[in-house]
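Quick notes on the structure that follows.
The values are calculated or read from the model by the stated rules, or taken from the named source; none is laboratory data. Treat the numbers as computed from the prediction; the structure is a model and nothing was measured. Note that we place each Cβ from the backbone using ideal geometry, even for glycine, and neighbour counts take in every protein chain shown.
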Amino acid sequence: MISPVLTFFNNKGGVGKTSLIYHLAWMFASLRKRIVAADLDPQANLTAAFLTEEEIEAIWEEEKPGSTVFQCVKPLAGVGDIAEPHLRRIAPDLYLLPGDVRLSGYEESLSMEWPNSMGDHNLYRPMRILSSFWQVMQMAARAVRADLVLVDIGPNLGAINRSALLATDYVAIPLGADLFSLQGLGNLGPALRSWKNLWKKRLDNWRESGEARLYPDFHLPEGKMQPIGYLCQQHGVRLERPVQAYDKWVQRIPGGYRKHVLNEEHIPKISQEEDPYCLAIIKHYRSLIPMAQECRKPIFNLTSADGAIGSHANAVQDARKDFRLLAEKIAGEIGLQL
Amino acid sequence: MRRYSDEELLELLKSLESDRIERKESFNGDVPRKVRQAVCAFANDLPNHNEPGVLFVGAKDDGEPSGLHVTDRLLLALADIKTDGNILPLPVLSVEKRVLRGAELAVVTVMPSDMPPVKYDGRIWIRTGPRRAIANEQEERLLIERRRYKNLPFDIYPVPSARITDLSRSIFENEYLPSAFAPDVLEENNRTYEERLASCKMIVSPENAIPTVLGLFALGKSPQDFLPGACIQFLRIDGTELADPVVDEEKIGGAVVEMLRRAEEKLRAHNRVAVDIASAPTHRIGMPYPPAAIQQILYNAVLHRTYESTNAPVRVYWFDDRIEIHSPGGPYGNVTSENFGRPGITDYRNPNIADVLKTFGFIQAFGRGIPTARREAERNGNPPLEFETSQSAVVCTLRRKS
């Protein structure tokens, strides 16, 4: 069984990506879909959202094979093979593959093997390293029979993210409402297309190499990287000027997405609300966010005991509806039965 | 609690038509959820059998044993149904390993609840014939009417002097209901305000809209007008004896959410963080008492205390060297002075208040308060917790770490 992998990616940081994945993971789990949340961002923010600092410290200090993404792939950098991932159970249908700051050290191996994988001989090792994230995630998904793997990666176009995206079937792009997000699309879209092509060449090269026959059990990801749409953050609007500036960027996003990510010529004049590629406009949940972070739970699970009383209680209900809609929309895009 | 003999169980196992029986081959995959639905449905006892429902794990649909090996782990997983707080109010059930027809079976016997409707995961499950379903309005009303006065716990007694207007509608509709029922259940039902209150045991019935003790406790605008003792008294004493000067005092009332949150704020303010910069190369931050332990003891006091014929509040006395938390009413039911605090021994004087505390999010699972408090105290470096029980009170003492 191969589980679908959905990655949230933007090369611009600070667009609320980690919080989004965190909430979606909880929402899918509450809809009884089994989820593995994989933290491939060396900054490990997603891990920090799920676990306390003491728990993370214990995992990192222990250095047990498979305890983090890095501990899974680390043996590959030497002479070993991928270690079986050791997942943390967060809730009945929710598992975390913890991230690791040391993962950045793996970037070098990944960049080194990229040209090697186009060579004529000894392709097994480079291909194994380049596809290691996919292998680890599929091992994790198999271990718990996951319906979906959600992946968080850092905001850059480096070798770690290239490998993470090769392992991805679907890509969702969270955006902020600013110049940088729009500009970012201009780098991101072409990068995705180019990686997809380059990976296809490597797959062909591997299959023609004859080495493939020596390793019949060695499976490789397709590198589908299909963009399923974008998400936009709602701006906290108060004064007039920011509203105008915000509006300007917001209006250019549907066009920017088509041009850069989908490579479409025809740019329709539509607003985000009516754009089918707009998966959601993420609201600003204001004081619910710090409350939720303190309690280590998603905002839609906050209770009266946590302080979600009065108007907060209503906001909690609204947040649950919003995230449920988003989960349903995403499930529709990737063909996941809810 | 009734225990069936082997003959009776065999008879039940064979009777394929009965709606008091459910058989499962194993406890894997989707089964734990379905078993919980069945337990909820047996506890509701809509057909009014007044007999326990029985669930066999390790039997095929035709009553033949499936050859399951009944392990301790399986029995523990089954017992967890009772305390994980997903079925509310807590069901009365027993879990045992029995040998029938030479094969091992796990047998769960579920007593009909005195306090229907019972919910699982925010839904009221019932049995009608061989099927399991979610109760409709009419069925829910039948269940509400079935609550019998005679052996009800005090927490759902009517408070005749109170009126429905003494309950806060906004707390009920905005905070309580969305947590108590699954969203889809709330969306599709068109029950009236009174029917909803009655379903949650906040009033006696839609026709007799008198608030219950529970209603005032959970939603009251000023519950202490009717239940003067349902509050928390806080005293900060400058010394180690009650006769020493009092430096802070507050009587904290209101409905439960407000009361507990205000009490916790008060406790947090007094639990001053000490930053030690002298004794180690890097500074250490320490608290005299672990907040989670104080919290658990306080919740326990509010949950397990007696609300019946007493005007005593839960009392929190904060001395220089210790905190004492007094909970009115001695140990209850299964719990005695002798076995107090031992793991696995719990009982509920106020099962419906337990339901409300779980719904509002103060409790995650049942039976874990004292173990959690003990562990936190140890982790923080405090001496072990001390419990003193008598006929009229349970007193817990947390000593300051030296």
key: Per-region count, region B:1-31, residues surrounded by 13 or more Cβ atoms within 10 Å (Cβ to Cβ) and touching a Pro at 6+ places or on another chain (Cβ under 7 Å)   = 1
ask   = Does B:THR83 qualify as being at pLDDT below 90, touching a Phe, Trp or Tyr at 6+ places or on another chain (Cβ under 9 Å) and under 30 Å from B:GLU8 (Cα atoms)?
value = yes
request  = Starting from region A:52-66, keep only residues that are farther than 10 Å from A:HIS86 by Cβ, then list their pairs with residues that are among the acidic types (Asp, Glu) whose Cβ atoms are within a distance under 7 Å, requiring at least 6 positions of separation or different chains.
outcome  = A:TRP60/A:ASP100
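I need the full set of residues from region B:78-100 which are assigned to a helix (DSSP H, G or I) and touching a helix residue (DSSP H, G or I) at 6+ places or on another chain (Cβ under 7 Å), in order please. Explain how you work it out, then say what you get.
Restricting attention to region B:78-100, the residues satisfying the condition of being assigned to a helix (DSSP H, G or I) are B:78-83.
Selection gives B:ILE81 alone.
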remark   = Over region A:283-338, the set of residues under 26 Å from A:ASP147 (Cβ atoms) and among the small types (Gly, Ala, Ser) is A:ALA292, A:ALA319, A:ALA327, A:ALA331, A:GLY332, A:GLY335
message = Under 9 Å between Cβ atoms, which residue pairs at least 6 apart in sequence (or on different chains) link something in region B:198-226 that is over 22 Å from B:LYS119 (Cβ atoms) and in contact (Cβ under 8 Å) with a residue 24 or more places away in the chain with a partner that is of a type in the set (Lys, Arg) and surrounded by fewer than 24 Cβ atoms within 10 Å (Cβ to Cβ)?
response = B:ILE210/B:ARG163; B:GLN224/B:LYS251
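For region A:138-147, give me each residue that is buried (at least 24 other Cβ atoms within 10 Å of the Cβ) and either in contact with a helix residue (DSSP H, G or I) (Cβ under 9 Å, 6 or more places away or on another chain) or modelled with pLDDT under 95 (or both). Can you show your working first?
First pass over region A:138-147, keeping only residues buried (at least 24 other Cβ atoms within 10 Å of the Cβ): A:140-141, A:146.
Those that are buried (at least 24 other Cβ atoms within 10 Å of the Cβ) and either in contact with a helix residue (DSSP H, G or I) (Cβ under 9 Å, 6 or more places away or on another chain) or modelled with pLDDT under 95 (or both): A:ALA140, A:ALA146.
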query = Here are some residues: B:PHE360, B:PHE366. Which one is touching a residue at least 12 places away in the same chain (Cβ under 8 Å) and more than 14 Å from every other protein chain (Cβ to nearest Cβ)?
reply = B:PHE366
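Of all residues in region B:160-176 being in a helix (DSSP H, G or I) and more than 14 Å from every other protein chain (Cβ to nearest Cβ), which is surrounded by the fewest Cβ atoms within 10 Å (Cβ to Cβ)? Break it down stepwise before answering.
Of all residues in region B:160-176, those in a helix (DSSP H, G or I) come to B:164-166, B:169-176.
Cutting the leftovers down to more than 14 Å from every other protein chain (Cβ to nearest Cβ) gives us B:164-166.
Values: B:ILE164: 15, B:THR165: 10, B:ASP166: 18.
By that ranking, first place goes to B:THR165.
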inquiry  = Condition (residue is farther than 24 Å from B:GLU264 by Cα and without any contact (Cβ under 8 Å) to a residue 60 or more places away in the chain) applied to region A:291-314: is it met by at least one residue?
reply    = no
request  = Filter region A:296-326 down to residues that are of a type in the set (A, V, I, L, M, F, W, C) and at the interface with chain B (Cβ under 9 Å from one of its Cβ atoms) and give me whichever is surrounded by the most Cβ atoms within 10 Å (Cβ to Cβ).
outcome  = A:ALA308
ask   = Say we look at region B:178-199 and pick out the residues that are buried (at least 18 other Cβ atoms within 10 Å of the Cβ) and within 14 Å of chain A (Cβ to nearest Cβ); which of these is nearest to the chain's Cα centre (by Cα)?
value = B:ALA180
ask   = Pick from A:GLY223, A:GLY229: which is in a strand (DSSP E or B) and at pLDDT 85 or above?
value = A:GLY229
query = Out of (1) closer than 18 Å to A:ALA305 by Cα; (2) over 11 Å from the mean Cα position of the chain (by Cα); (3) of a type in the set (A, V, I, L, M, F, W, C); (4) assigned to a loop (DSSP other than H, G, I, E, B), what's the single condition that is false for B:PHE362?
reply = (2)
ask   = Tell me, which residue of region A:34-50 that is within 11 Å of the chain's Cα centre (by Cα) and part of a loop (DSSP other than H, G, I, E, B) is surrounded by the fewest Cβ atoms within 10 Å (Cβ to Cβ)?
value = A:LEU40
query = Taking region B:323-359 as the region of interest, how many residues are at pLDDT below 85 and part of a strand (DSSP E or B)?
reply = 0
ask   = How do the strands (runs of 3 or more DSSP E) wholly within region B:101-159 filter down when requiring 2 or more residues that are buried (at least 18 other Cβ atoms within 10 Å of the Cβ) and not acidic (Asp, Glu): which remain?
value = B:103-110, B:125-128
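Being in contact with a strand residue (DSSP E or B) (Cβ under 6 Å, 6 or more places away or on another chain) and of a type outside the set (D, E, K, R) is the filter here, so list the residues in region A:309-335 that pass it. Steps first, answer last, please.
Initially, region A:309-335 is screened for residues in contact with a strand residue (DSSP E or B) (Cβ under 6 Å, 6 or more places away or on another chain), giving A:326, A:329, A:333-334.
Of everything in region A:309-335, those that are in contact with a strand residue (DSSP E or B) (Cβ under 6 Å, 6 or more places away or on another chain) and of a type outside the set (D, E, K, R) turn out to be A:LEU326, A:ILE334.
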inquiry  = Tell me the residue from B:ILE285, B:ILE294, B:ILE323 that is of a type in the set (Val, Ile, Thr) and under 20 Å from the mean Cα position of the chain (by Cα), please.
reply    = B:ILE294
note = How many residues of region A:59-100 are of a type in the set (Val, Ile, Thr) and more than 19 Å from the chain's Cα centre (by Cα)? The answer is 3
query = Restricting attention to region B:229-265, which residues are basic (Lys, Arg) and either within 12 Å of chain A (Cβ to nearest Cβ) or within 21 Å of the chain's Cα centre (by Cα) (or both)?
reply = B:ARG261, B:ARG262
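What about B:ILE294, is it in contact with a helix residue (DSSP H, G or I) (Cβ under 8 Å, 6 or more places away or on another chain), closer than 17 Å to B:ALA377 by Cα, of a type in the set (Val, Ile, Thr) and touching a residue at least 12 places away in the same chain (Cβ under 8 Å)? Please lay out each step first, then the result.
Working: in contact with a helix residue (DSSP H, G or I) (Cβ under 8 Å, 6 or more places away or on another chain): yes; closer than 17 Å to B:ALA377 by Cα: yes; of a type in the set (Val, Ile, Thr): yes; touching a residue at least 12 places away in the same chain (Cβ under 8 Å): yes.
It is true that B:ILE294 is in contact with a helix residue (DSSP H, G or I) (Cβ under 8 Å, 6 or more places away or on another chain), closer than 17 Å to B:ALA377 by Cα, of a type in the set (Val, Ile, Thr) and touching a residue at least 12 places away in the same chain (Cβ under 8 Å).
Limited to region B:27-57, what total is found for residues that are in a strand (DSSP E or B) and touching a residue at least 60 places away in the same chain (Cβ under 8 Å)?
First, the residues of region B:27-57 that are in a strand (DSSP E or B): B:53-57.
Subsequent filtering for residues that are touching a residue at least 60 places away in the same chain (Cβ under 8 Å) retains B:53.
Of the residues in region B:27-57, 1 are in a strand (DSSP E or B) and touching a residue at least 60 places away in the same chain (Cβ under 8 Å).
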key: Test for A:ARG88: is it out of contact with any Leu (no Cβ under 9 Å at 6 or more places or on another chain), surrounded by 15 or more Cβ atoms within 10 Å (Cβ to Cβ) and not β-branched (Val, Ile, Thr)   = no
Conditions (1) surrounded by 14 or more Cβ atoms within 10 Å (Cβ to Cβ); (2) away from chain A (no Cβ under 14 Å); (3) of a type in the set (Ser, Thr, Tyr): number failed by B:SER402 = (1)
request  = Go through the residues of region A:74-82 one by one and say whether even a single one is surrounded by fewer than 21 Cβ atoms within 10 Å (Cβ to Cβ), in contact with a Cys (Cβ under 9 Å, 6 or more places away or on another chain) and part of a loop (DSSP other than H, G, I, E, B).
outcome  = yes
ask   = What number goes with the only condition from (1) out of contact with any Gly (no Cβ under 6 Å at 6 or more places or on another chain); (2) more than 14 Å from A:ARG102 (Cβ to Cβ) that A:ALA77 does not pass?
value = (2)
